[in-house]
Amino acid sequence: MKGRPQPPMGLLRRLDALARAAFPAVSTALLMVLVSTPVGLPSALPAVTLGCVFFWSVFRPGTMGPPLCFLLGLLQDLLGFAPPGIAVLTLLLTHGLVLRIRRFLARQSFWVVWLVYAGVAAAAAALGFVLQAVLSWRLPALAPALVQFALSAGFYPGVAALLTGMHKAMRRAEDLA
Amino acid sequence: MIRLSIPLRQALARLSMPVLVAAAFGTMLLGKADTVLVERARMTLADALAPIYGVIAEPMGTVRDAVQELRFLAAMREENARLRAENERLHRWQAAALALETENALLRRQLRYVPEGAASFQTARVVADAGGTYARAVLLSLQPGQTPRKGQVALDERGLAGRVSEVGSRSARVLLVTDMNSRIPVVLEGSRSRALMVGTNGERPRLQHWPEGAPPQEGERVVTSAEANVFPAGLPVGMVRWTEGGVAEVELFARLDRLDLLRIFEFGLSGILPPEAVARPEPRARR
């Protein structure tokens with residue numbers, strides 16, 4: 001008697017897997033839309049986007065590929081009012097960089113990850129500043145870049161706490177499956 | 001889904017990053033080259049998201065209103081404290097005023113002072129600046145039934161503005177105190193010394209002919225004098241200002257550059273006689 005072949009994935013299982021695969025990008029997009037609601041506060045949009053992309057690139061790179069980074073960057077550029085393309089490039093470079101060092105990062109404590117993230121955020125702010133200067137051929141004010149860096153670094157613990165919860169829940173579901 | 005061989009897939013995965021970075025630069029160039037397209041994309045996205053924002057805006061608005069209310073309450077508290085302090089100060093002033101009033105009444109009783117009758121006035125609207133013989137004069141439009149007389153005093157809501165110089169059936173002309181032909185007898189309120197306020201066609205008339213040894217002090221209040229029986233005593237005129245060139249001028253209370261309503265006062269004074277009433281001196285009969 002031969003062993004029974006593994007049953008093909010049922011519709012529900014497949015939907016479940018699909019939902020899990022799509023969750024990081026979709027939740028990031030939703031969060032971006034929520035954050036960009038005009039409420040009269042300084043926009044935390046770049047900070048939130050960068051944090052989400054960084055986190056998912058470290059802990060679940062399969063669900064946050066370069067095309068999704070591209071699309072999220074495009075969304076950020078369209079939601080904000082910066083010249084388009086800056087966020088796209090920033091997110092792609094962040095993703096690429098994080099993919100290289102994720103084996104190192106995944107083993108570190110939260111504090112080290114935060115420190116590395118702060119470095120990434122500073123680089124992102126600097127890149128944005130330079131690109132904006134080049135694109136508009138004018139030296140933009142330095143303050144917005146600094147504010148963006150501070151917001152990015154400051155928002156990360158909150159973003160990470162939220163996403164860590166999601167990540168753990170997803171891993172439990174995968175273990176069960 | 002298309003099945004791809006594993007090496008091809010890996011090659012694609014490795015290629016996707018450079019291709020997408022190039023695409024990002026392409027997006028930048030596109031955004032630079034075709035701003036209309038970017039604008040349209042932005043507006044399309046905004047249109048699609050508008051309902052979501054609308055839903056979110058409600059609770060956000062409530063929160064913001066609450067915060068604003070709190071801030072307003074804090075401000076009100078501060079304001080209340082300020083008003084309390086001010087009220088206390090005003091109470092003290094009121095006490096001072098009441099004391100002065102009583103003292104004034106007492107002194108008047110002792111002097112057998114006969115109070116002046118309350119002056120009656122009529123208001124008229126200023127319809128035109130200048131014109132006529134004088135450089136600084138305004139034209140008033142008169143309502144039917146208003147009959148100002150020549151020589152009556154015109155005040156705006158702050159102080160002396162001028163004197164009625166000509167009267168027609170529908171209009172009257174007021175010679176402002178800044179005109180070169182204007183000479184107003186005034187009293188410096190601090191020193192009670194008399195002087196003449198002379199118009200210069202400029203913004204501030206000059207002071208002249210004050211008594212020897214009592215020069216007007218900077219910031220001293222200037223009021224009209226009853227001398228010559230043209231003005232009642234004590235109409236507010238302005239404040240003394242010394243120019244850098246050493247000329248005493250009067251900064252007027254009245255805002256002559258934007259007059260709109262003037263009050264024409266009837267004080268029952270007859271200091272200025274109409275020209276036709278001035279009797280020529282008869283040549284003395286020879287003996």
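Taking region B:25-55 and a reference point 7 angstrom along Cα→Cβ of residue A:22, the backbone N atoms nearer than 19 Å belong to B:49. Residue by residue along B:136-145, Cβ atoms of other protein chains within 10 Å of the local Cβ number 0 on average. Projecting the alpha carbon convex hull of region B:62-117 along each direction and taking the average yields 6.5 nm². Dipole of chain B (Lys/Arg Cβ +1, Asp/Glu Cβ -1, origin at the Cα centre): which of B:133, B:188, B:67 lies farthest to the positive side? Of the listed residues, the answer is B:133. Relative contact order of region A:45-176, taken over Cα pairs closer than 8 Å and 6 or more residues apart, is 32 percent.
When peptides A:131-138, B:21-28, B:157-164, A:10-17 are ranked by their average number of other Cβ atoms within 10 Å per residue, the highest-first order is B:157-164, B:21-28, A:131-138, A:10-17.
Ranked by Cβ crowding within 10 angstrom, fewest neighbours first, how are A:110, B:267 ordered? List each step's numbers first, then the result.
Working: A:110 13, B:267 20.
Arranged by neighbour count, lowest to highest, A:110, B:267 become A:110, B:267.
Per the Kirkwood formula applied to alpha carbons, region A:45-176 shows a radius of gyration over Rh ratio, Rg over Rh, of 0.99. Taking the Cα centre of the protein assembly as shown as reference, the dipole from Cβ charges on Lys and Arg (+1) and Asp and Glu (-1) amounts to some 1760 debye. Rounded to two decimals, the Cα-based Rg/Rh of region B:216-268, with Kirkwood Rh, is 1.04.
Our coupling estimate for region B:217-227, obtained by passing each phi through the Karplus curve with A = 6.51, B = -1.76, C = 1.60 and θ = phi - 60°, is 8, 4, x, 5, 7, 10, 10, 6, 10, 7, 4 Hz, Gly and Pro reported as x.
Using all pairs of distinct alpha-carbon atoms, the Kirkwood hydrodynamic radius of region B:183-256 works out to 12.0 angstrom.
Quick check on region B:14-114: what does the Kirkwood estimate of hydrodynamic radius come out to from the alpha carbon pairs, in Å?
21.7 Å is the Kirkwood radius here.
Inter-chain neighbour count for B:53-60: the average number of beta-carbon atoms from partner chains within 10 Å of each residue's beta-carbon is 3. Counting neighbouring Cβ atoms within 10 Å and putting the fewest first, the residues A:27, B:165 line up as A:27, B:165.
In peptide B:21-33, how many Cβ atoms from other protein chains are near each Cβ within 10 Å, on average?
The per-residue average across the peptide is 6.
Taking every C-alpha pair closer than 8 Å and separated by at least 6 residues, the mean separation divided by the residue count of chain B gives a relative contact order of 14 percent. Computed over the protein assembly as shown, the P(r) curve from all C-alpha pair distances, binned at 20 Å from the origin, holds 16, 27, 14, 21, 16, 5, 1, 0, 0 percent per bin. Each principal axis of the Cα atoms in chain B has its own extent, and those three values, largest first, are 148, 50, 48 angstrom.
Compared with the dominant principal axis of the Cα atoms in chain B, helix B:35-111 is inclined by about 20°.
Evaluated at 4 °C with a viscosity of 1.567 mPa s, what Stokes-Einstein diffusion coefficient in µm²/s does region B:127-204 have when Rh comes from the Kirkwood expression over alpha-carbon pairs? D = 97 µm²/s.
Computed from the coordinates by the stated procedures, all read-outs in this text should not be read as laboratory data. Quick caveat: nothing in here was measured; it's all calculated off a predicted structure. When we count neighbours, we look across all protein chains shown, and the Cβ atoms used for this are built from the backbone with ideal geometry, even at glycine.
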